[in-house]
Amino acid sequence: MESQNKSVIIVDAGNTRIKVAHFYNGQITDIVRFKKIQSSDFKNYVDKVDQPDIFVSSVLKEKDLLSFLGDFKKVLRFSHESKLPIHINYQTPETLGLDRLANAVAIQTLLPKGNKVAIDMGTCIKFDFVDEHGNYNGGSISPGLKMRYEALHHFTGKLPLLEYNAQKEFVGKNSSESIQSGVIFGIQGELNYFISSYLQGNQGLTFFVTGGDAKLFDFPLKNNIFADENLTLKGLYEIYLLNA
């Protein structure tokens with residue numbers, strides 16, 4: 001496909017940061033993270049690339065996204081009307097997160113024939129299941145690591161706001177230790193349960209793990225779990241190719 005030989009800038013504007021990747025000949029050559037206010041830095045980044053196409057996936061408010069894009073108004077946007085290489089079996093496809101769709105497309109591209117699940121350990125913890133026929137069948141969403149710490153602090157009167165600490169006790173002896181135990185071992189138990197449950201109902205299942213918090217947790221299987229920190233970006237690139 002001619003589009004594969006072009007320079008493409010993929011913009012993944014998520015809840016906590018804007019991730020920008022440069023693809024050339026179908027491969028990622030560079031990844032940069034921006035804040036929403038860094039529109040001039042984004043312009044300088046794009047200007048260094050030879051007339052790229054720009055493909056944008058965003059959960060930002062429209063005015064914030066346009067402010068970030070600056071002069072680059074003529075961009076291709078990912079939406080629920082975009083063409084996809086998967087069939088959507090979801091009761092409310094218009095509410096389906098674009099990042100979840102991108103992850104589903106990525107794992108379908110990486111493994112066209114088998115059953116597979118994307119596990120995204122970001123702002124939220126998301127499981128998304130694509131079957132061996134390329135049907136996206138849904139998944140689950142739960143609060144991510146940071147969100148759990150913030151919720152315990154925000155919705156209680158006295159619990160402190162904590163961050164991840166690798167030194168944690170299973171039986172907490174004080175409030176801080178108890179929070180660490182509940183949050184970290186709670187997520188670990190959730191991962192173990194979901195992976196086990198998916199394996200019980202689907203033969204030959206492969207898991208693809210992404211997201212910034214994935215490295216903080218153990219996954220019970222080794223042979224059929226693959227980590228790919230750029231899974232969402234790769235999915236967005238495949239969607240760009242279909243819609244360019």
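The values are calculated or read from the model by the stated rules, or taken from the named source; none is laboratory data. Predicted model only: the values in this text are computed from it and were never measured. Positions of Cβ are backbone-derived with ideal geometry, glycine not excepted, and every protein chain shown enters the neighbour counts. Note: accessible area is taken over every heavy atom of the protein model, side chains too, but ligands, DNA and RNA are not part of it. Shrake-Rupley method; radii C 1.70, N 1.55, O 1.52, S 1.80 Å.
Miscellaneous remarks
- Residues within the range 165-190 that are modelled with pLDDT under 95 and under 15 Å from residue 143 (Cβ atoms), tallied: 0
- Cβ pairs under 9 Å, 6+ apart, first in the range 186-199 and closer than 9 Å to residue 220 by Cα and among the aliphatic types (A, V, I, L, M), second outside any helix (DSSP H, G or I) and open to solvent by 40 Å² or more (accessible area, probe 1.4 Å): 191/218; 191/220; 195/220; 195/221
- Here is the figure for the range 161-185: residues that are closer than 20 Å to residue 218 by Cα, loosely packed, with under 15 Cβ neighbours inside 10 Å and charged (D, E, K, R) total 2.
- A single member of 105, 56 is in a helix (DSSP H, G or I) and buried (at least 20 other Cβ atoms within 10 Å of the Cβ), and it is 105.
- Taking (1) within 20 Å of the chain's Cα centre (by Cα); (2) in a loop (DSSP other than H, G, I, E, B) in turn, residue 165 satisfies each apart from (1).
- Hits in the range 74-83 - residues which are open to solvent by 50 Å² or more (accessible area, probe 1.4 Å) and part of a loop (DSSP other than H, G, I, E, B): 74, 80, 81, 83
- Residues being open to solvent by 40 Å² or more (accessible area, probe 1.4 Å), within 18 Å of the chain's Cα centre (by Cα) and hydrophobic (A, V, I, L, M, F, W, C) - total across the range 216-243: 3
- Only one of the numbered conditions (1) open to solvent by 30 Å² or more (accessible area, probe 1.4 Å); (2) outside any strand (DSSP E or B) is violated by residue 195, and that is (1).
- Scan of the range 4-53 for residues that are in a loop (DSSP other than H, G, I, E, B), open to solvent by 70 Å² or more (accessible area, probe 1.4 Å) and touching a helix residue (DSSP H, G or I) at 6+ places or on another chain (Cβ under 7 Å), ordered by number: 25, 36
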